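Derivation of every value follows stated rules applied to the coordinates shown; laboratory data play no part. None of these values were measured; they are calculated from a predicted model. Glycine gets a Cβ as well: all are built from the backbone with ideal geometry, and neighbour counts include every protein chain shown.
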Amino acid sequence: MSGIVWLASYPKSGNTWLRIFLANYLSGQSSPVDINALDTSPLSDRRDLFDEALGVESSDLSAEEIDSLRAVAFQRLAAQSPSTLFFKVHDAWTLNARGEPLLPAGALSSAIYVARNPLDLAISAAAHAGSSVEDAIRRMEREDGGAFSDPRHLGVQLRQRYLSWSSHVVSWLDQKSIPVHPMRYEDMLEKPTETFRSAVTFLGLPDDEERLALAIRFSSFEGLRRQEETKGFRERPAVAEAFFRKGQAGEWRTELSADQVARIIQHHGAVMERLGYL
Amino acid sequence: MPPVLLPAGPSLMLWADALDHLKLSQAELEPARPELEKYILPQGGVASSSPQPLRAVYELEVTSAAEPALKPVSGLRKVEFLARSVYRPNFAVAMQRAPASLARIAAIAPHVRGGIVTRPVTGFSIAEVADLIAGDLAA
């Protein structure tokens, strides 16, 4: 049986960037990994993974029933895998109706949690959803925030519960069930070698200087944007013009109004301060 | 010998939003389960009691592309394509029948068409997607 590493974040926080870095680091190849072949870290909410692991149709189950079985599904996937499994996850760390963690806890699991300044995140989330920044800010405040929860519709992914941005961060960083390595999007930008090396060390991967430098270069924002422009990115929502948009920190200084900044700080100030954003 | 299969029963299961889209009422339909807004839509007739020829396998995929499209799958890729189309491939693994299953898939592959049908999330017509499949089958 192998272990599972959760690559966790609130949406639009740099999760895909981390996945692409890891894919390149694990491949060790001299050319960049195709952004449309990120099979080393699939989405944890894919229906086919759940269905295949348990041999049942998730489309025949209620969202609550699925939640009660998700940990079992991942345990089975881990049992069948000879090597560590990496999954991208946007769910907050929550408990199911039986009071058990949604995702498997214990010695088999660990997580890297990527956080991003919510002031910048709001702009990125708005572009990703094709919505206004105001709407994105409201979504980040909702304690019932999530995705694929319409009961009249079969979502292409399983239901996800994000909670609010603050609750999402706290849920992962304060849970005691699995070890978690926190990273900040801004540190990935400003001091990539140190930040990505810390992830490699946490994962127990060999610390290979050359491989690290190459993986950072192959996952640079400009490289990813070029790949998306050339061949598209299958994870781009139809409403978003591009998945890899700007890849910057501090965009909020010119893009958000004073009222929007004040509102975000009012709702998320405590967690922002904890993460060093205030 | 061309592959054959036993078709499932003559009914569809559709979610409430799909019924709305097709202007079908859910009032007379039986829910697939009481907890779900998913309904059984009878198609009339009876299930075929005899095997039918398997002509093609199409994989349906939602993408960010602007238009529906059909991409034929051929050659060795068709074997991989059919392998992932098999219902519950892990069952074969658990029964230690994976090699036999793969051999069967490889034998079937030359006899069936394969295609990946992609469509956008919105802004397309079901008829357009159906025409793509019908056109490929007729080719």
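Just to confirm the number: angle between the C-alpha axis of helix B:76-85 and the first principal axis of chain B, 0 to 90 degrees, nearest 10?
The two axes meet at around 50 degrees.
Distance between Cα centroids, region B:76-122 to region B:1-46: provide it in whole Å.
So the two Cα centres are separated by 25 Å.
For the cross-link pairs A:Lys12/B:Lys71; A:Lys88/B:Lys38; A:Lys12/A:Lys231, which exceed 26 Å when the distance is taken from alpha carbon to alpha carbon? Don't jump to the answer; show the numbers that get you there.
Numbers: A:Lys12/B:Lys71 31 Å; A:Lys88/B:Lys38 29 Å; A:Lys12/A:Lys231 21 Å.
The pairs that break the limit, which is 26 Å between Cα atoms, are A:Lys12/B:Lys71; A:Lys88/B:Lys38.
Can you sort A:Met188, B:Met95, A:Met272 so the residue with the fewest Cβ neighbours within 10 Å comes first?
Details: A:Met188 23, B:Met95 10, A:Met272 20.
Listing A:Met188, B:Met95, A:Met272 from fewest to most nearby Cβ atoms yields B:Met95, A:Met272, A:Met188.
Given Cβ point charges of +1 (Lys, Arg) and -1 (Asp, Glu) and nothing else, what value in debye, to the nearest 20, does the dipole of region B:7-51 about its Cα centre take?
Working: 3 positive and 6 negative charges, 34 e Å.
Dipole of region B:7-51, to the nearest 20 debye: 160 debye.
Taking amide H atoms as placed 1.01 Å from N in the peptide plane, list the residues 5 or more away in sequence, or in a different chain, whose amide H sits under 5 Å from that of A:Thr84.
A:Gly3
Based on a Kirkwood Rh over C-alpha pairs, give the Stokes-Einstein translational diffusion coefficient of region A:4-274 at 10 °C and viscosity 1.306 mPa s in µm²/s.
Numbers: Rh = 19.3 Å.
Answer, rounded: 82 µm²/s.
In which sequence would A:Thr40, A:Thr16, A:Thr201 go, from the one with the fewest C-beta neighbours within 10 Å to the one with the most? Please report the intermediate quantities before stating the final value.
Values: A:Thr40 18, A:Thr16 23, A:Thr201 12.
In order of increasing Cβ crowding within 10 Å: A:Thr201, A:Thr40, A:Thr16.
For the protein assembly as shown, what is the percent of antiparallel DSSP beta bridges, rounded to the nearest 5? Numbers along the way, then the final one.
Details: 18 of 42 bridges.
Here the share of antiparallel DSSP bridges comes out near 45 percent.
Helix-only mean residue ellipticity at 222 nm, the protein assembly as shown, DSSP H runs n ≥ 4 weighted -39,500 (n - 2.57), per residue, nearest 500. What is it?
Numbers: 17 runs with 175 residues, N = 417.
Calculated at 222 nm, the ellipticity per residue is -12500 deg cm²/dmol.
How tilted is helix B:98-108 with respect to the longest principal axis of chain B? Cα atoms for both, answer in degrees (0 to 90, nearest 10).
80 degrees
In whole Å, how far is the Cα centre of region A:81-137 from that of region A:19-71?
Each part reduced to its Cα centre gives a spacing of 13 Å.
Which of rounded, prolate or oblate describes region A:132-278 when judged by the alpha-carbon gyration tensor and an a/c cut-off of 1.5?
Working: a/c = 1.39, a/b = 1.25, b/c = 1.11.
Judged from the Cα gyration tensor, region A:132-278 comes out rounded (a/c under 1.5).
What order do you get for A:Ser198, A:Ser83 when you list them from fewest to most C-beta neighbours inside 10 Å? Please list the in-between numbers first.
Details: A:Ser198 16, A:Ser83 9.
Going from sparsest to densest Cβ surroundings: A:Ser83, A:Ser198.
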